[in-house]
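Take a look at the structure below.
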Amino acid sequence: MDVRTRKEFAVEHLRGSVSAPAEIAAKDQYPIEKVDVIVYSAESRFDEARKVADAVKKNGDLVKGAYKEKVGTIYVVRDGFEGLKAAGLATEPGIWD
């Protein structure tokens, strides 16, 4: 889950990632049943990613009663997009769906 701005996402993002800007992602409820979620922002905005992860967990707990399976684990990437890119993960330009 890429919580950077839509503009940053459009310039370059991890292949297969989902654009969910922080101000939107912190409010939405995601059914994260049996799905691990990786949250990242820009390296300099780690706190932003951590706050979104906390909100996703809290909001996921609100809806998990509807699911029978275990809620997935949420990970926050400390080194952000820059660290993931430096580690060799594939990136691509393009807009969100």
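Some points to look at:
- Put in order of Cβ neighbour count within 10 Å, fewest first, the listed residues 76, 39 become 76, 39.
- Taking the number of Cβ atoms within 10 Å of each Cβ as an exposure proxy, the fewest-first ranking of 75, 40 is 75, 40.
- The gain in end-to-end length when the residue 15 to residue 58 segment is fully stretched comes to 12.8 nm, 0.36 nm per residue minus the alpha carbon separation.
Throughout, read-outs are computed from the coordinates displayed, never taken from laboratory work. These numbers come from a predicted model, not from an experiment. Using ideal geometry, Cβ is built from the backbone for each residue, glycine included, and neighbour counts are taken over all protein chains shown.
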